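We did not get these values from a lab; they are worked out from the coordinates using the rules stated. Source: prediction; values computed, not measured. When we count neighbours, we look across all protein chains shown, and the Cβ atoms used for this are built from the backbone with ideal geometry, even at glycine.
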Amino acid sequence: MLSNSSIASLTNSDEWRLRRELTDFYHVVAYLGWTELIFNHISARVPGPAHHYLVNPFGLNYREITPENLLKVSVEGQLVEPSDYPANPAGFALHGAIHESRPDVACVAHTHTTAVSAVAMKRGGFDYNNFYGAQLFGRVGYHDFEGITLYREERGRMLAALGDKHVLVLRNHGVAVCERDIPSAFMLLWVVQRACEIQCQAGQLAGADTVLTDAVRERCRGSAGDLGSNLSVARLVFDATLRRMRSAGQ
């Protein structure tokens, strides 16, 4: 937990704004029902030359997270600042590796909702044939399950599977998305969740699916970020979801 003096020194800083926005991300994920008790993580890179990032204190529900109690850790998972809370060691191998190796990534979110975990169970993974799945075409890597992501030796294999993509399917487990900022990571996570839900639902219906061509998938992916109009769709979606959550009293 940050001290009062630390909070005062951070007020109006880039890190404080990041802490507030990351807290909002946690609260929205809880509001949408994508949490897994006290497990899973969303992390955000702290501005500056050091590979430090913010992550949730282990043991707290997502709704209990505040800007003050977010942990600042190194890529090895060591606390950079003292805290009353521990960190979950299961997050460091994945989040630390990505923040250390992908300078284009500022936010990483990991979930394993029922729909996401179901698709992660399938050898074929995403089929890219629904509206949301098409937006993920060419953006997904796959990493075979090796157990709980605790060990440093798995880092290189996860990074190789992710490559320069933005979605990593952890087979038999869940998914991690990574993007340039928090709104973009939220938007991508939402697209992944919807793609999985629709793919699971479609799989229960009789009859063949209509398969999209790669050309259509690429066109859908290319225009999804700004709808072809130079709009910051991710920021609009994130802010609108925050308003919806707050209007519901959460």
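For the chain, find the longest principal axis of its Cα atoms and tell me its angle to the long axis of helix 214-224, 0 to 90°, nearest 10. Once rounded, the angle reads 30 degrees. Near V211, once Lys and Arg are set to +1 and Asp and Glu to -1 for all other residues with Cβ below 11 Å from its Cβ, the sum equals -2. Applied to region 16-24, the Karplus parametrisation 6.51 cos²θ - 1.76 cosθ + 1.60 on θ = phi - 60° returns per-residue 3J(HN,Hα) values of 5, 4, 5, 4, 5, 5, 5, 4, 4 Hz, with x for Gly and Pro.
Per-residue Karplus couplings for region 233-250, computed as 6.51 cos²θ - 1.76 cosθ + 1.60 with θ equal to phi - 60°, are listed in order as 4, 4, 5, 4, 5, 4, 5, 5, 5, 4, 5, 4, 4, 5, 5, 8, x, 10 Hz, Gly and Pro entered as x.
Rounded to the nearest whole Hz, the Karplus-based 3J(HN,Hα) values (6.51 cos²θ - 1.76 cosθ + 1.60, θ = phi - 60°) of region 31-38 follow the sequence 4, 7, x, 9, 7, 9, 6, 9, with x at glycine and proline. A simple charge model with +1 on the Cβ of Lys and Arg, -1 on the Cβ of Asp and Glu and nothing else charged puts the dipole of the chain at about 420 debye relative to its Cα centre. Out of S13, Y132, H166, whose Cα points farthest toward the positive end of the dipole of the chain (charges: +1 Lys, Arg; -1 Asp, Glu; placed on Cβ)? Comparing the listed Cα positions along the dipole, Y132 ranks first.
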